[in-house]
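Chemist: So that we are looking at the same thing, I have put the structure below in structure tokens.
The values are calculated or read from the model by the stated rules, or taken from the named source; none is laboratory data. Keep in mind that this is a model prediction, so the values were computed, not measured. Because the Cβ atoms are built from the backbone with ideal geometry, glycine has one as well, and the counts that use them run over all protein chains shown. Just so you know, the surface numbers come from the protein's heavy atoms only, side chains and all, with ligands and any DNA or RNA stripped out. Shrake-Rupley method; radii C 1.70, N 1.55, O 1.52, S 1.80 Å.
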Amino acid sequence: MPGREVCLWVTPKIFDDLTDPAPAVEAFLDHHADWLRDRPVTIVFATSNGDHILCWAGDRGARFDWARYNCFADGVPPRAHNLDWLRRVRDGGERSYNPYSAGPAMILSEQPMDYATLAGCYRAFRDGAARRAIDLTLLEYLEPGPEFCRSEWKTRLHPEAAAGGADAGGHVVPGIIDVTLPLAADTRPYAAYPRGVPEGLPAGDFVAAQAGAYTADLGLDGVLLGNQFGLLGFWDPRHAPPVTADRTAGIDRFFARMRAAMGDRRVYWMDTYWRAEIERTAWGMPDTAYRTLDAVLVSTFAVLVERTEIVPNLRSKAALDGPRVLLGLDFVDPWYWYRTYLDDRRTYLYQREVLAEHAALVDGVSFFANDTFGHFVPDGPLTETLAVWSKAS
């Protein structure tokens, strides 16, 4: 659909050498050339789980862990995870749920990452897009939970604000930020708090201020808030904590602070997989929070979505006052081994039916552009999906 946005998620796994990112960027832009032509392009650079944003203190030489794993099983020995995977999947024949969808636990790269290296990756995308006259918006990914790599801030420095847990490949691990909780005092310097974190500062205030400082310092256009950031209790209304006036006020404060900290930079938000009415009643999402967003991603990832919710969710988000609507499409996963176009063909095809039938509600599409090994989405699924989108225009 010419003129409508394409939002591609990319991880550092695409680079053979983190210190020389240009060849992979050129290959990426070549591979997706038909998708990138004559439309606004957003790249979400998913470096880690966002902990590098929360820990940013201004030192470009500081190192941090990055999303270099397949199925990062924090606190679970990889041998134990892999034995469970072998018994259930290879020997037992499991073809769905966990750990099938997650796959074995392994490290894809031993290359170290620091902020100067990451800035070079950002710059390579800026330069490549400029040479091709691509209208590029470059965002960084900010995840509320502990998936994908180690979480220094969420699990060691401020566990008092990480109240929830997430199932990562069959293992529930703690470390999901509750934006309404107060932080303990912290004397460590941060970019937004050079004298440290004062006792009682709401976690959401800290997140917003750090996101604003990081994007300004690194020259980014904004952030994508992943996995229903701000709404505790992942992916199912039954997991949500009770809605109270204080919780709703805390959520509202977080989104307002995020908008203020980001200024004219962009705030994208990945939703709960559920329609806005359920987000309001089950999680306490206020309408004022939606209005702070530049775009909302209607989540459709096959490993989690209730298929009957996709169209009602899309309709509800299109009816919101404010944010543009991006429809999530599934191909591969940058952090787990499944391939939706092979492993859940039914949902894969249904997503494209929704796109074809409800294109008028959509301002753009969004998808993971590399798999867990760092390879791009294969030509076949990529081309057939673009044909659906083009025809719908």
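Chemist: Find the relative contact order for the range 1-106 and round it to a whole percent, using C-alpha pairs within less than 8 Å whose residues are 6+ positions apart.
Modeler: 27 percent
Chemist: Next up: Output needed for the range 177-226: three equivalent-ellipsoid semi-axes, defined as square roots of 5 times the C-alpha gyration tensor eigenvalues, in descending order, whole Å.
Modeler: Listed largest to smallest, the semi-axes of the range 177-226 are 20, 15, 6 Å.
Chemist: Quick one: the Cα spread of the chain along its three principal axes, in angstroms, biggest first?
Modeler: On the principal axes, the chain reaches 54, 51, 45 Å in Cα extent.
Chemist: DSSP loop trypsin sites (Lys or Arg not before Pro) in the range 47-152 with at most 16 other Cβ atoms within 10 Å of their Cβ, which ones?
Modeler: Sparse-neighbourhood loop trypsin sites (Lys or Arg not before Pro): Arg60, Arg95, Arg132.
Chemist: Where the eigenvalues come from the Cα gyration tensor of the range 218-295, what are the semi-axes √(5λ) of the equivalent ellipsoid, largest first, in whole Å?
Modeler: 22, 13, 10
Chemist: Ok, one more. Lys317: which lysines have alpha carbons under 27 Å from its alpha carbon, excluding same-chain residues fewer than 8 sequence positions away?
Modeler: Reachable lysines: Lys391.
Chemist: Same structure, new question: Give the relative contact order (percent, whole number) for the chain; include only Cα pairs under 8 Å separated by 6+ residues.
Modeler: Averaging sequence separation for qualifying contacts and normalising by length gives 18 percent for the chain.
Chemist: Considering only DSSP beta bridges with both partners in the chain, what is the antiparallel share in %, to the nearest 5?
Modeler: For the chain, the DSSP antiparallel bridge percentage is about 30.
Chemist: While we're looking at this one, here's another question. At a Förster radius of 35 Å, what calculated FRET efficiency corresponds to the Cβ-Cβ distance of Glu384 and Ala119, to the nearest 0.05?
Modeler: Approximately 0.45, to the nearest 0.05.
Chemist: Please state, as a whole number in µm²/s, the translational diffusion coefficient that the Stokes-Einstein equation yields for the range 29-116 at 25 °C and 0.890 mPa s, with Rh defined as the Kirkwood radius across alpha carbon pairs.
Modeler: Calculated translational D: 151 µm²/s.
Chemist: Restricting the count to DSSP beta bridges whose residues both fall in the range 219-339, what percent are antiparallel, rounded to a multiple of 5?
Modeler: Here the antiparallel bridges make up roughly 10 percent for the range 219-339.
Chemist: Taking the solvent-accessible surface of protein heavy atoms with a 1.4 Å probe, what is the per residue accessible area of the range 24-124 in Å²?
Modeler: With the other protein chains kept in place, the range 24-124 gives 43 Å² per residue.
Chemist: Tell me, what % of the accessible area of the chain is carbon and sulfur with a 1.4 angstrom probe?
Modeler: 51 percent
Chemist: Ignoring ligands, DNA and RNA, what accessible area per residue does the range 279-365 give at 1.4 Å, in Å²?
Modeler: 35 Å²
Chemist: Under the 0.36 nm per residue contour assumption, what length would be gained going from the current alpha-carbon distance of Leu304 and Glu277 to full extension?
Modeler: Gain on stretching Leu304 to Glu277: 7.8 nm.
Chemist: Quickly estimate the mean residue ellipticity at 222 nm for the chain, helices only: each DSSP H run with n ≥ 4 gives -39500 (n - 2.57), and the total goes over all residues, rounded to 500.
Modeler: Helices in the chain give a 222 nm mean residue ellipticity of -9000 deg cm²/dmol.
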